[in-house]
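Input: a single structure, listed below in structure tokens.
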Amino acid sequence: MATKQQKIEIARALYVTGKNDAQIAIILEVSKKTIQNYKTQDNANGNDWDLLRAQKHISQDTNRREYLYSDFVGYMHDTLKEIREADDLSSGQKADKIVKLSDAFSKMKHIVRHEDPEAFKRGIIKHVIEIIGKTIAASKNKELLEAFIQAVDECGEDLDVSL
């Protein structure tokens, strides 16, 4: 049986690879709250999980840098949603987690801007196009969706974005 420290290390490793708190909780057979506690405790020991996740993605594949920021924004959005939906957190705890998330976002933004400013811009563009596309698709307005796809196809090569 794994010790608490071993579980924290496993949880950190899973988080860095892209798993969210709920997925990690299922894998380790603990509650989502326990994973959140592990993250807080590990952060106090100098292991910022969000920063570690960002660093892994930057070093992992230099050809993917333009997607890095978009992916990270997606992770941040998912995490923010998890925080908002967490019934077991008080308003103060939610605010604290959002502040920490904002700090991680700022760090990531600084890293990506410094590493490759053009990739940073393309990542934002890609993420915005994905959000708009999903919103239009959810509206079930076929004409609008077709017009959106045509517009993206026309300029997609210039933006290096494909749907």
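Listed residues I124, I111, I132; which is under 22 Å from the mean Cα position of the chain (by Cα), at pLDDT 70 or above, surrounded by 10 or more Cβ atoms within 10 Å (Cβ to Cβ) and under 30 Å from D48 (Cα atoms)?
I124
Does the range 17-35 contain any residue that is buried (at least 16 other Cβ atoms within 10 Å of the Cβ), touching a Phe, Trp or Tyr at 6+ places or on another chain (Cβ under 7 Å) and modelled with pLDDT of 80 or more?
So far as the range 17-35 goes, yes, one or more of its residues are buried (at least 16 other Cβ atoms within 10 Å of the Cβ), touching a Phe, Trp or Tyr at 6+ places or on another chain (Cβ under 7 Å) and modelled with pLDDT of 80 or more.
Criterion first (assigned to a helix (DSSP H, G or I), among the small types (G, A, S) and at pLDDT 75 or above) does A13 satisfy it?
Criteria met by A13.
The values are calculated or read from the model by the stated rules, or taken from the named source; none is laboratory data. These figures come from a predicted structure and were not determined experimentally. Note that each Cβ is placed from the backbone with ideal geometry, even for glycine, and that neighbours are counted across all protein chains shown.
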